[in-house]
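For reference, the structure is listed below as structure tokens.
The values are calculated or read from the model by the stated rules, or taken from the named source; none is laboratory data. What you are looking at is a predicted structure, and each value in this text was computed from that prediction instead of being measured. Please note: Cβ atoms are built from the backbone with ideal geometry, for glycine as well, and neighbour counts cover all protein chains shown.
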Amino acid sequence: MSEYAMLIDYEYCSGCKTCEIACNQEYNREAGKLGGVEVQEFIHFLQSGRLYITNIPHFTKACVFCAGRVKKGLTPACVQHCMANVLVFDTLENLKDKIPENRKALLWTKG
Amino acid sequence: MKNDGVKIIKTTTWSPGPGCHGGCGILVHVKDDKVIKVEGDPDHPWNQGRLCSRCLSMTQYMYHKDRLTKPLKRVGERGQGKFEPISWDEAFDLIEKKMKQIRQDHGPESMIFHQGTGRDIGGWISMLAYAYGSPNWMFGLSGISCYTPRLMMMSITQGDFAVVDAAQWHEKRYDDPEYEIPETVTIWGQNLPATCPDGFFGHWYVDLMKRGTRLMVIDPRCTWIASRAKLWLQLRPGTDAALALGFIHVMIKENLVNMTFIEKWTNAPFLVRTDTPEPILLRETDLAPSGKSTNFVAHDPVSNEFVIWDSDNQTYSRKDTTPSMDGEFTISLTDGTRIPVKTVWRMYKENVEEYTPQKVSRITWVPEDKIVQGARMYAKSSPSALHWGLPIDTIPSTIPTSQAVNHLWCLSGNLDNPGGNAIARYAYDVVTYPYHSGGSILSLPPEVAEKRIGINDYGPIKDFRAWAQPDKVLEQIFTKKPYEIKGMWIQTANPLACTGMEPQKWHKAIKQLDFTVCVDLFMTPTAMLCDVILPAATFLEKDSLKAWWVPLQAIKKVVEVDECKSDIEINLELSKRFMKDFPYDNTRDLFDSLLKSAGITYQQLCDNTWMIPPKGHSSRPYYRHEKGLLRADGKPGFRTPSGKIELFSSWLEKWQLAPMPYHEEPPYSPVSTPDLFKEYPLILTTGRRMGPFFHSEHRQIPWLRAQQKEPVLEIHPDTAQKYGITHGQKVCVENWLGKITVKALVTPVIHPDIVMAEHGWWFPEKEGAEPSLFGVWDVNVNQLIPMGHEGKGGLGSPIKSMLCKVYKAKG
Ligand code: SF4
Ligand code: SF4
Ligand code: SF4
């Protein structure tokens, strides 16, 4: 099982949207066109009444998991530049050991 | 070079280009002399491979169709937008002729050298100003309300600047065995992940959180980082001093201060005269005519005698004394009069007595229990680090405010300790951005330096920073007193859209001058008004260097873009024309000379790209006050007049300002102007940070602009409902000074009684010629903020604590 996937430790995602631009640069994409990743903000009130902001990078149809870069032994552009280091790209097998213990995380598969 | 013809060059950043205060290490991909990609350098300790949106957009920035690529000369009326390209020779000749004429007819001081926010310009613009002979080098933000007040206050309190230690002095960063992860970081007024703080990488706090650091966030808004904090204190804008004093009150009451540190390193034991109208430090000269006014007095409890603190020798006259910390005494002066004195510590405690959690809660809107919790969380953590932001500067009472916050790390002993607030110096003492005229590349004769605007009005302006006071400059342009201002050199600044409060006045001022030059990368509302416009290079098109604070690093010229020239080369060429024996032939000579204290040449720096001072160097932590690494004489202690951390400040005393911190209401607030508040019932705060943009820059960069198309006003859902405003609607924000129209961002992150606006907006895609000026007047929130409200020391202004009303825009 050497399928690649993206583990998103989103509790630490600051919502800076650097990943979006990293992808745009990598694919020299025209501004405004659908990029490989789009960050969504959620503002929730917790049961305690406290405000809680969650940012989730959503990988779109346009994401190719940086196949070209990966072939060259590089990490995907968004993964390298993520300001909070919350994107982990690896094989599904390896990712199992990288799932954070005490918080929720997302696993994005290539499909 | 790889076989695809792509060269990869390792360099580092500093404005212009990303705009930001920089520091990141990058790998630039170049093909056929063109930058095709910019990536983070995984080997650089600062960013460790990461890179934010602005540097990742450099290709769109450098090769933008609207970039200024040739010098321009105005041919139409000012503001009409009619320019024609000229050669560099023509531009230099024209500037030389015009500026020499002004110098001859009106004196060099009638030219203002106007810069924008920090970054790399300080050294080069002061060089040009001084080569020309003008003392009027200026940053145009009212009250110089950006970091300077905090830097000033840190300098006079502990002799040096201090910043959070996020392991930036270690190549291995958090893994260095000398480093300790802060137990708590208090983030006071900054939305770090969205900002570009000076000398700091905002996401270091995420690194620290992952390693166990808890956060306390003090902010009127619940930003993402505030929502992740263990404790979030939602304070009223402009009341930061009260909150800090409330913390200090609790820390002293609950015995959470570090008495060993305070006794040893601060001037807490010094005696203060209370017979004078204002309390002042007792000096040796008060006791003996032969004494020195720089020596202070303390009380020895064992002998019940008074001892002299010798500031030169850093010793007490009785070597084995442990002076009294707390007490009141009577002492005889030279003439025999007996006067009452108290220790600084006693006075200090009395001074904070009134700031009970109850009172502070009333002032700040922060609940009492949270004030107590916050004080405990800060003081009980070890190490505990405190990061402060711009709101500390953007109030007229910035001096007591920054003093109070600075005292927190002094009272808890979190100074120059691993994981606390480390003393930050220019790496290897290389000055790329001078503060005092002493640190600048050239110096001015005293009779010229004396003409600097504001120097006679304000002590801190005279003694601390070599800038002209901007509120006074603007005033002087109109009053023409004591002398006329005739011209302005504007570089890295856009006062019409960004740094100018009451930009209407700056607009008028700039237009009425005889000669103005603007150096920039794009046409801006400000450049539109100028006579000559010079196209500047980005950081990838110039050689430069940086030491703010660490590492010392090289910025390398990677490519050229059309005729753009580096700020340094522009200023060097003109400096040669203005000054007969200008000492540097070219930028290499200049850099080599700046690098003397590092013992290397610019070429060697380029070979290394970046360098961190070795352990034991005075520009690297820790505990340098103990090791005698801070003072010129090599003695333990600090670089202050007494050598101690001055909780009761002798500098403030000298400037006739209150020597200890206090709270002062913002000039416009529900408390100070209740009548005005009835008409303008919302507190207007500004400067909401936007990830893709740096201040007024980047609005023309397609990838970045796609992330945010237009300016917004944050407004709470309850407030929005009250005024019938819905999310996304256009709203007018108005007060007695002006009005703007922006989009409502209805969000619970903001307090219901506060609205948060964005600064720096203009629309590069709109009509540039007057009256439009790229639509700046529709959206520039500074139109609602006054000039001339600088604080008592000439520093601070009410930028983040104004009043306004908000209503639905018509149509
Ligand atoms: S993995 Fe590659 S293609 Fe996918 S979003 Fe990240 S940068 Fe874009
Ligand atoms: S770069 Fe990282 S931290 Fe920033 S929005 Fe994207 S995933 Fe989140
Ligand atoms: S913080 Fe961002 S803009 Fe600033 S130097 Fe680093 S990557 Fe560039």
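Restricting region B:416-470 to residues that are outside any loop (DSSP other than H, G, I, E, B) and charged (D, E, K, R) leaves a set whose member that is nearest to B:Ser381 (Cα to Cα) is B:Asp429. Count of region A:36-62 residues, restricted to those that are hydroxyl-bearing (Ser, Thr, Tyr), away from ligand 2 (no atom under 11 Å from the Cβ) and under 19 Å from the mean Cα position of the chain (by Cα), is 1.
Here is a check on your reading of the model: is B:Thr499 more than 19 Å from B:Met111 (Cβ to Cβ) and of a type in the set (Val, Ile, Thr)? So B:Thr499 fails the test. The residues in region B:756-811 that are part of a strand (DSSP E or B) and not aliphatic (A, V, I, L, M) can be counted, and the count is 4. When region A:24-36 is filtered for residues that are away from ligand 3 (no atom under 16 Å from the Cβ) and surrounded by 20 or more Cβ atoms within 10 Å (Cβ to Cβ), the ones remaining, listed by number, are A:Gly35, A:Gly36. Looking only at region A:33-53, residues that are in contact with a helix residue (DSSP H, G or I) (Cβ under 7 Å, 6 or more places away or on another chain) and more than 16 Å from ligand 1 (Cβ to nearest atom) come to 3 in all. Close Cβ contacts (under 6 Å, 6 or more residues apart or on different chains) running from residues in region B:45-57 that are more than 9 Å from chain A (Cβ to nearest Cβ) to residues that are among the charged types (D, E, K, R) and more than 6 Å from ligand 3 (Cβ to nearest atom) comprise B:Pro45/B:Glu171; B:Pro45/B:Arg173. Scanning region B:21-40 for residues that are within 16 Å of ligand 2 (Cβ to nearest atom) and of a type outside the set (D, E, K, R) yields B:Cys24, B:Val38, B:Gly40. All of A:Cys13, A:Cys82, A:Cys23, A:Cys66 fail the test of being at positive phi and at pLDDT 95 or above, apart from A:Cys66. When you scan region B:268-282, do you find a residue that is farther than 29 Å from B:Ser397 by Cβ and either at pLDDT below 95 or of a type in the set (Asp, Glu) (or both), even just one? No, region B:268-282 contains no residue that is farther than 29 Å from B:Ser397 by Cβ and either at pLDDT below 95 or of a type in the set (Asp, Glu) (or both). Tell me, please, whether a residue that is within 30 Å of B:Leu529 (Cβ to Cβ), within 13 Å of another protein chain (Cβ to nearest Cβ) and either buried (at least 19 other Cβ atoms within 10 Å of the Cβ) or not basic (Lys, Arg) (or both) can be found in region B:63-74. So far as region B:63-74 goes, yes, one or more of its residues are within 30 Å of B:Leu529 (Cβ to Cβ), within 13 Å of another protein chain (Cβ to nearest Cβ) and either buried (at least 19 other Cβ atoms within 10 Å of the Cβ) or not basic (Lys, Arg) (or both).
Note on region A:20-35: residues that are within 11 Å of ligand 2 (Cβ to nearest atom) and touching a strand residue (DSSP E or B) at 6+ places or on another chain (Cβ under 7 Å) amount to 2. The lone criterion from (1) within 14 Å of chain A (Cβ to nearest Cβ); (2) surrounded by 21 or more Cβ atoms within 10 Å (Cβ to Cβ); (3) without any contact (Cβ under 8 Å) to a residue 40 or more places away in the chain left unmet by B:Val742 is number (1). Looking at B:Lys576, B:Lys508, B:Lys557, which is the one that is assigned to a loop (DSSP other than H, G, I, E, B), in the same structural domain as B:Cys606 (by TED's automatic domain parsing) and out of contact with any strand residue (DSSP E or B) (no Cβ under 8 Å at 6 or more places or on another chain)? Result of the check over B:Lys576, B:Lys508, B:Lys557: B:Lys557.
Condition check ((1) surrounded by fewer than 24 Cβ atoms within 10 Å (Cβ to Cβ); (2) within 16 Å of ligand 1 (Cβ to nearest atom); (3) among the charged types (D, E, K, R); (4) assigned to a loop (DSSP other than H, G, I, E, B)) across all residues:
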| site | (1), (2), (3), (4) |
| --- | --- |
| B:Glu664 | yes, no, yes, yes |
| B:Tyr668 | no, no, no, yes |
| B:Ser672 | yes, no, no, yes |
| B:Arg688 | yes, no, yes, yes |
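A single entry from B:Lys472, B:Lys451 fulfils the requirement of being over 22 Å from the mean Cα position of the chain (by Cα) and either assigned by TED's automatic domain parsing to the domain that holds B:Met787 or within 27 Å of B:Met127 (Cα to Cα) (or both): B:Lys451.
Considering B:Glu109, B:Glu84, the condition of being closer than 29 Å to B:Phe139 by Cβ and not β-branched (Val, Ile, Thr) is satisfied by B:Glu109 alone.
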